[in-house]
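Visitor: This structure is in structure tokens; I'll ask about it shortly.
The values are calculated or read from the model by the stated rules, or taken from the named source; none is laboratory data. Model, not experiment: these values are computed from the prediction. Neighbour counts run over all protein chains shown; Cβ positions are idealised from the backbone, glycine included. Heavy atoms of the whole protein, side chains included, go into the accessibility calculation; ligands, DNA and RNA do not. Shrake-Rupley method; radii C 1.70, N 1.55, O 1.52, S 1.80 Å.
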Amino acid sequence: MVGAVMKKLWISIGVVCTIVALCVLVACEKALITEDTGTSGDKNGNLHVSVCQIEKTPFGNLTRGAEPVANVCTRLNFAIYDEGGSRLKQINQTSDKADFGQCAFQLEEGDYQLVVVGHSAHSNPTMTNLSKIQFTNATGYTDTFLCYGVVSIGEEQVEHEVSLDRIVALCRFVITDDIPAEVKKMQFYYTGGSGAFDATTGLGSVASKQTVTYDVTNVSEKQFDLYTFLHELSDNIALTVTALDASGNELYSRQFDVPMQQNHITWLSGAFFNGSGSSSATIGGVTVNTDWAGETHLTF
């Protein structure tokens, strides 16, 4: 008799535990992360997001115009965070998809933080932390654009157009003399910038050691682009440039202190191999074009 009672008791406890577990899963459903790489997300969602322009250029012009959108960015990452900064949902897209620049989310009523990142890295950045959206040396550093905002979801569907602004600074390193035949790679190591940024400010949020290595497959390839997220709108990076042979041995190396500005190109040019060895840079003129806010020309 006692055994039968105990058996019924254990069955009851098991049923209760199952119900509790189901309730926990339902309660946590909002916190689950959804990643729909290369898709539009939930097409019947109540938040529709559309990229309307990138760095003041209408998105439609990039898609249909003389300059394809892939020349500006090949990836878009859309992420939804709750008010506390926890990521809830993320959609990743590539420029070869028909839905590039359009996506939708199904969200409960409330306020959310929306982040949209455009770039051309080898893969997607880590976006778990709103204040530390991070690219790595392996991911690559490219021209990067950002939109951050707060959206409110109510009973009606929300159509939200976003404009992305450039948040990187670019050092364009140009070698003006001949590259020796034994040089097979150019390696650029720089500190002072960041490989991660805070989505709420667009500024760098970590102290990074960034490395970019270029294969020198053509002696005419003498221009090398180095991107970073600055901690301030204007800042300096410490740059070490090293020429390597086919085995990775160092042949030449020089160091530079390079002034940078967000959304500006700093051209750093000179005779790297036949130069005097000086690492000082003198500021030349500043010009403005339609793609970047400005350019600074330096020589060494």
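Visitor: If I ask for residues that are over 18 Å from Tyr189 (Cα atoms), aliphatic (A, V, I, L, M) and modelled with pLDDT of 65 or more, which ones from region 266-300 would you list?
Guide: Hits for region 266-300 are Ala271, Ala293, Leu298.
Conditions (1) surrounded by 15 or more Cβ atoms within 10 Å (Cβ to Cβ); (2) in contact with a Leu (Cβ under 7 Å, 6 or more places away or on another chain), marked per residue:
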{"position": "Phe197", "(1), (2)": "yes, yes"}
{"position": "Gln223", "(1), (2)": "no, no"}
{"position": "Ser247", "(1), (2)": "no, no"}
{"position": "Glu250", "(1), (2)": "no, yes"}
{"position": "Ser253", "(1), (2)": "no, no"}
{"position": "Leu268", "(1), (2)": "yes, yes"}
{"position": "Phe272", "(1), (2)": "yes, no"}
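Visitor: To continue, here is another question. Given the condition of a type outside the set (Phe, Trp, Tyr), under 24 Å from Thr74 (Cα atoms) and assigned to a strand (DSSP E or B), answer yes or no: does some residue in region 181-191 qualify?
Guide: no
Visitor: Let me ask something else. Could you tell me which numbered condition Ala104 fails, if it satisfies all but one of (1) closer than 18 Å to Leu146 by Cβ; (2) open to solvent by less than 10 Å² (accessible area, probe 1.4 Å); (3) of a type outside the set (Phe, Trp, Tyr)?
Guide: Among (1) closer than 18 Å to Leu146 by Cβ; (2) open to solvent by less than 10 Å² (accessible area, probe 1.4 Å); (3) of a type outside the set (Phe, Trp, Tyr), the lone unmet condition for Ala104 is (1).
Visitor: Considering Leu107, Leu130, Leu170, which residue is touching a residue at least 40 places away in the same chain (Cβ under 8 Å), touching a Ser or Thr at 6+ places or on another chain (Cβ under 8 Å) and over 24 Å from Met260 (Cα atoms)?
Guide: Answer to the check: Leu130.
Visitor: When you check Ala238 against the structure, is it among the hydrophobic types (A, V, I, L, M, F, W, C) and open to solvent by 40 Å² or more (accessible area, probe 1.4 Å), yes or no?
Guide: yes
Visitor: Out of the residues in region 45-57 that are at pLDDT 85 or above and assigned to a strand (DSSP E or B), which is surrounded by the most Cβ atoms within 10 Å (Cβ to Cβ)?
Guide: Within region 45-57, the match that is surrounded by the most Cβ atoms within 10 Å (Cβ to Cβ) is Val51.
Visitor: Further question: Report whether or not Leu170 is outside any loop (DSSP other than H, G, I, E, B), out of contact with any Gly (no Cβ under 9 Å at 6 or more places or on another chain) and open to solvent by 10 Å² or more (accessible area, probe 1.4 Å).
Guide: no
Visitor: Looking only at region 185-239, count every residue that is of a type in the set (A, V, I, L, M) and within 30 Å of Glu83 (Cβ to Cβ) and tell me the total.
Guide: Total meeting the criteria: 7.
Visitor: Assess whether Glu182 counts as being open to solvent by 30 Å² or more (accessible area, probe 1.4 Å) and closer than 28 Å to Asp82 by Cα.
Guide: No.
Visitor: Look through Val206, Val212 and report the one residue that is part of a strand (DSSP E or B) and either open to solvent by 10 Å² or more (accessible area, probe 1.4 Å) or within 29 Å of Pro259 (Cβ to Cβ) (or both).
Guide: None of the others qualify; the one that does is Val212.
Visitor: Filter region 70-91 for residues that are modelled with pLDDT under 95 and either open to solvent by less than 20 Å² (accessible area, probe 1.4 Å) or at positive phi (or both) and give the result.
Guide: Cys73
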